[in-house]
Amino acid sequence: MATSLLRLPSPFDAHVHLRQGALMRLVTPHVQQGGIKMAYVMPNLVPPVTTPSHALSYLKELQALSPNTHFLPSMYLTTNLTPAQIREAHAGGVVGVKSYPRGVTTNSEGGVGMEGYGVFDEVFAEMEKVDMILNLHGEVPSDVDGDGCCVLNAEPRFLPHLLEIHRKFPKLRIVLEHCTTAAAVECVKTLPPNVCATITPHHLALTIDHAVSSPLHFCKPVAKYPSDRAALRAVIREGHPQFFLGSDSAPHPSGNKMPTMKVLRSTLDGGIDEVTLPSPCAAGIYTSDNLIPLVATIFESSDIPLERMSGFVSEFGRRFYGFAAKPEDEVVIRRIGEGKVIKKAYQFERDGDAGREYVVPFMAGEKLNWEIVEA
Ligand code: DOR
Ligand code: ZN
């Protein structure tokens, strides 16, 4: 008979976006609701979290909204960051520094551009010394008319940067975030255990066909080929300890994800009077609200044994980040015969007077096979 109860030691989401203002107030409590006890929070706010004091004041806001979740703060890598700030951040409890390639994703304008990663040598050396983690968004910016870089090859083309940073700073703890390709999996497997990778649930489920047919499936990096998805599934099936859960849960107001094109009025001669053009679709998939039941459901549909859940959602990430699970933080999930329909949307009031908005979760309207057993 199929397993009906799963015990998970204090699940850890090693990559989550919790935003600011009204959206932050909506989604922050969802981390706990989704079965997560500890979460590493991304710094791509507006303005980005570039200083230790900003990281710690943001952490305070999050803790006030969800006191029973253990949030780990991060900082955004910019060329203004100094070794002294690294020491200050580390002493204050900031866990890592996140690097964004410039212009590739949400709020990445302040990220790493053509100057490359060599300009950060002093900062990386200090991080290696104090043992702070470097989180890499592993893509190079698109340059379609130049070197031919585009969303489909952006991750494989980033891997030489990963190898070079690791070569220069062999003790630095590095996470290749939300890896999506067989090439990235192979690359990380060749490196020692101080270099790991996170995998999202949506990249275990989606391929490029989904990404090009719905804005709700658009995220960065985009989902790739079926063979890439197979490699992500296979490395988890193997129980490989260098690969663990980082949801990259990234909520956006639905109006930013699904911009409509409106033809307001057609003229009698068949022409068009006025057209509202859509804005580009925001990258990001929202999964926090049901994260652990969702991962279990996707494991089953991906033919990954449920015995692999505990390592993937808790042990491997916790070991790497250095936070042991407390026995009282165990999370139990149970199989539900009928399935539970995923909420179609969360409503919230936008900041200011911008009106009502919605966040649509991943797989909205579809069924989960698992639910959290309330303690
Ligand atoms: O899809 C994504 N959304 N990828 C990222 O790297 C950032 C994230 C966001 O903040 O929306
Ligand atoms: Zn992210």
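The values are calculated or read from the model by the stated rules, or taken from the named source; none is laboratory data. All figures in this text were calculated on a predicted structure; none of them were measured in a lab. Cβ placement follows ideal geometry from the backbone for every residue including glycine, while neighbour counts extend to all protein chains displayed. The area values use the complete protein model at the heavy-atom level, side chains included, leaving out ligands, DNA and RNA. Shrake-Rupley method; radii C 1.70, N 1.55, O 1.52, S 1.80 Å.
Packing order of peptides 55-61, 336-342, highest average first: 55-61, 336-342 (average count of other Cβ atoms within 10 Å over each peptide's residues). With all protein chains kept in place, the per residue accessible area of the chain amounts to 43 square angstrom at a probe of 1.4 angstrom.
For the stretch 10-330, the share of DSSP beta bridges that are antiparallel, to the nearest 5, is 15%. Annotation for the stretch 266-340 versus the stretch 62-140: alpha-carbon center distance of 24 Å. Ranking Pro201, Phe244, His178 by how far each Cα lies toward the positive end of the dipole of the stretch 10-330 (charges on Cβ) leaves Phe244 at the top. Working note: Karplus 6.51/-1.76/1.60 with θ = phi - 60° gives the stretch 207-219 the couplings 10, 4, 4, 5, 5, 7, 10, 8, x, 5, 10, 8, 8 Hz, where Gly and Pro are set to x.
Computed about the Cα centre, the dipole magnitude for the chain is approximately 740 debye when only Lys and Arg (+1) and Asp and Glu (-1) carry charge, each at its Cβ.
Would you please state the base-10 log of I(q)/I(0) at q = 0.07, 0.10, 0.13, 0.15 1/Å for the chain, with intensities from the Debye formula using one equal scatterer on every alpha carbon? Rounded to two decimals, the profile gives -0.30, -0.61, -1.05, -1.43.
Would you mind putting 152-163, 39-50, 208-219 in packing order, based on average other-beta-carbon counts within 10 Å, highest first?
Going by the mean number of other Cβ atoms within 10 Å, highest first, we get 39-50, 152-163, 208-219.
Using the structure shown, select from Lys220/Lys340; Lys189/Lys326; Lys220/Lys262; Lys129/Lys168; Lys220/Lys367; Lys343/Lys367 the pairs with a Cα to Cα distance greater than 21 angstrom. Violating the 21 Å Cα-Cα cut-off are Lys220/Lys340; Lys189/Lys326; Lys220/Lys262; Lys220/Lys367. Only lysines eight or more places from Lys60 in sequence, or on another chain, were considered; those with a Cα closer than 20 Å are Lys37, Lys98.
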